[in-house]
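See structure below.
The values are calculated or read from the model by the stated rules, or taken from the named source; none is laboratory data. Here the structure is a predicted model, which is why all the values come from computation and not from measurement. FYI the Cβ positions are ideal-geometry reconstructions off the backbone, even for glycines, and counts take in every protein chain you see.
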Amino acid sequence: MSLIKSNIAEEFDAFSKNYREDMITVVPHYEALLSAFLQAVPADRHIDSVLDVGCGNGIVTDLLLTRYADAHYTLLDASKEMLDICRKRFAQYQVDYVQSYFSDYAFPESSYDLVVAGFSLHHCHADEKQQLYQKIHQSLQSGGCLVMSDLFISKSDEDHPALLEEWKSHTLSHDATGEKWAWLSEHYDAFDSPDNLQDVSVWLQQAGFSKIDIVWQQGHWINLKATK
Ligand SMILES: C[S@@+](CC[C@H](N)C(=O)[O-])C[C@H]1O[C@@H](n2cnc3c(N)ncnc32)[C@H](O)[C@@H]1O
C-alpha cells in the first residue's frame, strides 16, 4: 500500500500533524539550516515586507518574527492544514495567507524586502524553479534578497547514491523502525526534484540576482542568499 498522498497539498496536510519532529527525523541538519535564516538576513536592512514561499507550519516565519515582529508577512502554501496552523500561530501579527500552488501565485512587482523558502523549492522541477526565481526577483525591492535552505543535488549527480546512504543512516538513527525512511523514499520519488547548486546559481544569475552567498553548508544541504 502506498504511504504517500496523491498531490503535494494533501501530502503536507497529512505531514502537518507532527511537523517539527518529523522534519528533524527526515532532514539532516534541519535545525542548523533553520537557524541559518537569521544568519542570512541582512542586519543593515530595514525589513518591512516578507514572503514565505512554502511556509509549511510557519517555522521560518516564526524565527523571523523574533527579529522583525512589526513586518508584514505573506505566507504562501498549497496545504490548507499548514496554513490553518499558521493562522492560529500568528494571530497577533500582520500576516496574509495565500493557499495556492507557487505557479498560480501572482507575485506582486517590487514588493518584498525579503523572500524566504525553507525546504520548499526542491518540490519544483527545474523549469518551474527557473520561472519562480524570475518571479521572485521581480517581486523583490532593490537590494532585497531571497534566502533558501534546501537540498541542492540532482538525482542524476554521481554523488547522489552516497547522499541517499547518509540520509538513510540519519533517518534510521532517529527512527529505528524504518517506517519514516520507507515513507521518505516514496515521498522523495514522487514529490522531490532537487537540482545541483551550480545549476541553481546559474538560474539565479539569469533571473537577475547580482550576488549569491552560501551562508551555511554541510555537503549538499545548504542555506543560500541571493541578493537583487
Ligand atoms: C517541506 S515543507 C517546508 C515548510 C517550511 N518552510 C520549513 O522550512 O520547514 C514544504 C512546504 O511547501 C509546500 N509546497 C511544496 N510545493 C508547493 C507548490 N508547488 N505550491 C505550493 N506549496 C508547495 C508544501 O505544502 C509544504 O508545506
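Looking at the range 1-108, the strands (runs of 3 or more DSSP E) lying wholly inside it that each contain 2 or more residues that are within 10 Å of the ligand (Cβ to nearest atom), touching a residue at least 40 places away in the same chain (Cβ under 8 Å) and touching a Phe, Trp or Tyr at 6+ places or on another chain (Cβ under 7 Å) sit at 49-53. Going residue by residue through the range 201-223, is there one that turns out to be farther than 30 Å from residue 111 by Cβ, of a type in the set (Gly, Ala, Ser) and assigned to a helix (DSSP H, G or I)? So far as the range 201-223 goes, no, none of its residues is farther than 30 Å from residue 111 by Cβ, of a type in the set (Gly, Ala, Ser) and assigned to a helix (DSSP H, G or I). Among residues of the range 182-205 being touching a residue at least 24 places away in the same chain (Cβ under 8 Å) and among the aromatic types (Phe, Trp, Tyr), the one that is surrounded by the fewest Cβ atoms within 10 Å (Cβ to Cβ) is 191.
Table: residues versus (1) out of contact with any helix residue (DSSP H, G or I) (no Cβ under 8 Å at 6 or more places or on another chain); (2) within 20 Å of residue 50 (Cβ to Cβ).
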{"position": "134", "(1), (2)": "no, yes"}
{"position": "153", "(1), (2)": "no, no"}
{"position": "187", "(1), (2)": "no, no"}
{"position": "201", "(1), (2)": "yes, no"}
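Counting only helices (runs of 4 or more DSSP H) wholly contained in the range 118-194, the ones carrying 1 or more residues that are within 19 Å of the chain's Cα centre (by Cα), at pLDDT below 95 and within 16 Å of the ligand (Cβ to nearest atom) occupy 179-191.
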